[in-house]
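Asks: This structure is in structure tokens; I'll ask about it shortly.
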Amino acid sequence: METNQNLLEYRKVDIQYGDRKIIQDFSLQMKQGEILGIVGESGSGKSTVIRAAMGLLGDSGKVSGGEILYRGTDMTKVSGEQLRQLRGPELGMIFQNAGASLCPIRTIEEQLYEAVLQHEAVSKEEIRDRALKLFEQLRFTNGKQILKSYPFEFSGGMNQRVGIVLAMVLRPKLLLADEPTSALDVTVQAQVIKEMMKLRELYGTGIAIVTHNISVVNYMADYVAVMHQGKLVEYGTKEEVLNHPQEAYTKKLIGSVLRLKRR
Ligand SMILES: Nc1ncnc2c1ncn2[C@@H]1O[C@H](COP(=O)(O)OP(=O)(O)OP(=O)(O)O)[C@@H](O)[C@H]1O
Ligand SMILES: [Mg+2]
């Protein structure tokens, strides 16, 4: 019955903070298992569109027009309780500072139980097994030790990866990632990107990733959305957008990255 349903769909979405219109007429669709890269200059509205799907625009922000459908449910109309249920197991999120959202003085294990038990009635053993398996699949060598550790004992990059594992343990159907790797050094960035790809491979997770890094888009994405001043200026398959950019703005964006690379 739901086979052809979109995982996520923005339909003519307008968003404003206070009286200031930020996003205009934003429309796109994602299918299950699809990876969408969202790029655009700073302030173009990338975080805003991602946050709107999670109901996280804050007090001053609101979707003033259109619909954001997660598997057919309009996220702009759901109750707070419904939102809490959807966040985590359905809609996972990783922000730029995922590691910073960990509590520094509680063990990873405790935080893991809390995250899962909010949503699922499973035993701690089952959660532990699931996490250890995930750590193993993601090639962490010492999962048991990680569970017993405190975030303050880890580097920022390590915590970022653990934060990502916490989002992944719930096996979300859709992962919204807002610059998940920009705070990390290059080697760790590559690991995190691989871990996200693994999530799709293992659980068919769809991923929308905001990034300033065209190489990340090139590696991960099936589709690319380019934003400029609150509007979607280009949207198509990765090949279409990266190889044959149509908009002057997109050409500039891709061109500037390639120039940097050639140095
Ligand atoms: N909570 C807020 N209240 C008021 N204005 C906001 C708020 N959050 C974002 N804005 C404004 O909305 C616009 C879009 O911001 P947004 O954070 O979505 O851009 P972005 O594309 O994610 O930029 P960056 O690449 O720097 O993260 C900007 O003009 C920003 O100043
Ligand atoms: Mg942003």
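Asks: Out of the helices (runs of 4 or more DSSP H) lying entirely within the range 166-263, which hold 1 or more residues that are touching a strand residue (DSSP E or B) at 6+ places or on another chain (Cβ under 7 Å) and closer than 22 Å to G43 by Cβ?
Replies: 214-220, 238-243, 248-262
Asks: Out of S64, S27, S60, I need the residue that is modelled with pLDDT of 95 or more and under 12 Å from L8 (Cβ atoms). Which one?
Replies: Details: S64 fails: under 12 Å from L8 (Cβ atoms); S60 fails: under 12 Å from L8 (Cβ atoms).
Step by step, each of S64, S27, S60 is checked, and only S27 is modelled with pLDDT of 95 or more and under 12 Å from L8 (Cβ atoms).
Asks: Looking at E153, E195, which one is over 25 Å from Y70 (Cβ atoms) and either more than 16 Å from ligand 1 (Cβ to nearest atom) or among the β-branched types (V, I, T) (or both)?
Replies: Numbers: E195 fails: over 25 Å from Y70 (Cβ atoms).
Only one candidate passes the filter, namely E153.
Asks: I would also like to ask the following. Looking only at the range 24-47, which residues are near ligand 1 (Cβ under 8 Å from one of its atoms) and either within 25 Å of G204 (Cα to Cα) or crowded, with 21+ Cβ neighbours inside 10 Å (or both)? Working first, answer last.
Replies: Looking only at the range 24-47, we keep the residues that are near ligand 1 (Cβ under 8 Å from one of its atoms), and these are 40-47.
Passing the criteria: G40, S44, G45, K46, S47.
Asks: Given the options M158, M168, M220, name the one that is more than 16 Å from ligand 2 (Cβ to nearest atom), under 27 Å from Q5 (Cβ atoms) and modelled with pLDDT under 85.
Replies: M168
Asks: Using beta carbons and a limit of 7 Å, which pairs, at least six apart or on different chains, have the first residue in the range 177-205 and farther than 22 Å from L91 by Cβ and the second one of a type in the set (A, V, I, L, M)?
Replies: L184/V192
Asks: OK, next. Quickly run through the range 54-86 and pick out the residues that are over 19 Å from the mean Cα position of the chain (by Cα), part of a loop (DSSP other than H, G, I, E, B) and not hydrophobic (A, V, I, L, M, F, W, C).
Replies: D59, S60, G72, K77, S79
Asks: Filtering the range 88-110 down to residues that are assigned to a helix (DSSP H, G or I) and touching a Leu at 6+ places or on another chain (Cβ under 6 Å), which residue is nearest to ligand 1 (Cβ to nearest atom)?
Replies: Ranking the qualifying residues of the range 88-110, first place goes to I108.
Asks: What about E109, is it surrounded by 15 or more Cβ atoms within 10 Å (Cβ to Cβ) and out of contact with any strand residue (DSSP E or B) (no Cβ under 8 Å at 6 or more places or on another chain)?
Replies: Working: surrounded by 15 or more Cβ atoms within 10 Å (Cβ to Cβ): yes; out of contact with any strand residue (DSSP E or B) (no Cβ under 8 Å at 6 or more places or on another chain): yes.
The answer is yes for E109.
Asks: Here are K46, K12, K21: which of them is farther than 16 Å from A225 by Cα and in contact (Cβ under 8 Å) with a residue 40 or more places away in the chain?
Replies: Being farther than 16 Å from A225 by Cα and in contact (Cβ under 8 Å) with a residue 40 or more places away in the chain holds for just one of K46, K12, K21, which is K21.
The values are calculated or read from the model by the stated rules, or taken from the named source; none is laboratory data. Everything quoted here is computed from the prediction, not taken from an experiment. When we count neighbours, we look across all protein chains shown, and the Cβ atoms used for this are built from the backbone with ideal geometry, even at glycine.
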